[in-house]
Amino acid sequence: MRFIIERLLQFLLPPQCYCCEKFLDEGEEGICSDCFSEIHWIEPPFCSICGTPFVSEVDRPHPCSRCLIHRRYFTMARALGAYEDSLQEAIHRWKYEGKIHLTPFFGKWMAEGLNRYWGPDLFDLLIPVPLHPKRLRERGFNQALLLVKEVSRRTGIPYRKRVLRKVRPTIPQVNLSGAEREKAVRGSFHIVGKEEVEGKSILLVDDVYTTGATVNECSKVLLAAGAERVDVLTLAHALKS
């Protein structure tokens with residue numbers, strides 16, 4: 001019902017920015033130019049493995065200290081922007097307030113990022129990071145699956161939504177350290193149908209990369225099931241993790 005009311009209001013009122021809710025000017029769509037200008041798009045130099053930006057602009061791409069200490073099962077992870085300011089606000093509204101009209105914008109950005117960092121012909125399959133059924137019932141949708149569907153539609157790369165499953169719920173990880181997150185997600189994911197991933201190059205998709213514990217555990221499970229390669233693409237990277 002709430003979705004129907006919002007759609008009706010879109011016809012009756014001028015469109016509003018999904019971040020600051022001010023009315024959009026002519027030519028603006030989804031996010032106003034002021035909020036869009038606040039997005040910190042991640043550019044080199046950054047970690048050659050996890051994509052964490054380096055403070056110094058003179059650094060060359062190389063593995064960061066976290067990736068040197070902790071084994072990464074994914075080949076490469078990349079994120080589009082920093083999880084702060086207007087991008088964080090937009091993701092929050094999309095994820096927790098049901099502003100799913102943002103999905104096409106996010107999907108367009110992620111498809112562009114995929115082509116920029118890897119090219120369209122590397123991956124055989126897109127797979128979303130799954131939610132546990134209990135969390136899925138609470139939220140009503142899996143934000144990673146929404147992104148995967150958009151990226152698949154724009155790139156033509158097929159996706160599978162039931163191959164990777166979260167079989168054990170985990171506690172909220174906001175205040176956990178990297179080591180605690182790794183421990184919390186260990187054994188949480190399971191493959192259904194190994195034949196779907198055997199020999200495949202897979203792009204794992206999620207909304208926010210924090211410490212990398214979740215996508216790393218997912219990558220570990222996919223590789224153990226026979227995947228040839230797993231990479232990670234997220235909409236944002238939490239720089240203060």
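Quick note: the coordinates plus some simple rules give every number you see, no bench work behind them. Fair warning: this is a prediction, and the values are worked out from it, not measured in the lab. Heads up, the Cβs are rebuilt from the backbone with ideal geometry, glycines too, and the neighbour counts pull from every protein chain shown.
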How do the peptides 152-163, 71-82, 126-137 rank, highest first, by the average count of neighbouring beta carbon atoms within 10 Å per residue?
71-82, 126-137, 152-163
Neighbours of residue 137 by Cβ distance under 15 Å: Lys/Arg at +1, Asp/Glu at -1, summed charge +4
Calculated from backbone phi, Karplus (6.51, -1.76, 1.60) coupling profile of segment 20-32 in Hz, x at Gly/Pro:
9, 6, 6, 5, 6, 7, 4, x, 8, 9, x, 10, 5
I'd like the orientation of helix 213-224 relative to the chain: the angle between its Cα long axis and the longest Cα principal axis, in ° from 0 to 90, rounded to 10.
50 degrees
Phi angles of segment 100-106, converted by Karplus (6.51 cos²θ - 1.76 cosθ + 1.60, θ = phi - 60°) into ³J(HN,Hα) in whole Hz with x for Gly and Pro, give 6, 5, 6, 4, x, 5, 4
List the residues whose amide H sits under 5 Å from the amide H of residue 230, counting only those 5 or more places along or on another chain, with H placed 1.01 Å from N in the peptide plane.
75, 202
Going by amide H atoms built from the backbone, whose H comes under 5 Å of the H on residue 16, apart from near neighbours?
24
Whole-Å distance linking the alpha carbon centroid of segment 9-80 with that of segment 106-135 is 15 Å
In whole Hz, with x marking every Gly and Pro, tabulate ³J(HN,Hα) for segment 36-46 from phi via Karplus 6.51 cos²θ - 1.76 cosθ + 1.60, θ = phi - 60°.
4, 5, 7, 5, 8, 6, 7, 10, x, x, 8
Residues with amide H under 5 Å of residue 159's amide H, sequence separation 5 or more or different chain, H placed in the peptide plane at 1.01 Å from N; which?
126
Rank 46, 106, 36 by mean-square fluctuation in a GNM of the chain with C-alpha springs under 10 angstrom and give only the top-ranked residue.
36
How long is the gain from residue 115 to residue 96 if the chain were fully straight, where each residue apart is worth 0.36 nm and the alpha carbon distance is subtracted?
4.0 nm
Would you mind ranking 94, 41, 109 by Cβ crowding within 10 Å, fewest neighbours first?
41, 109, 94
Out of all DSSP beta bridges in segment 102-241, what portion is antiparallel? Express it as a percent rounded to 5.
20 percent
Straight-line reach check, residue 22, cutoff 26 Å on alpha carbons, 8 or more apart in-chain or any other chain, hits among lysines -> 95, 99, 108
Quick one: Cα convex hull volume of the chain, Å³ per residue?
134 Å³
Rounded to 10°, Cα long-axis angle of helix 85-96 versus longest principal axis of the chain:
90 degrees
For 65, 56, order by how many other beta-carbon atoms lie within 10 Å, fewest first:
56, 65
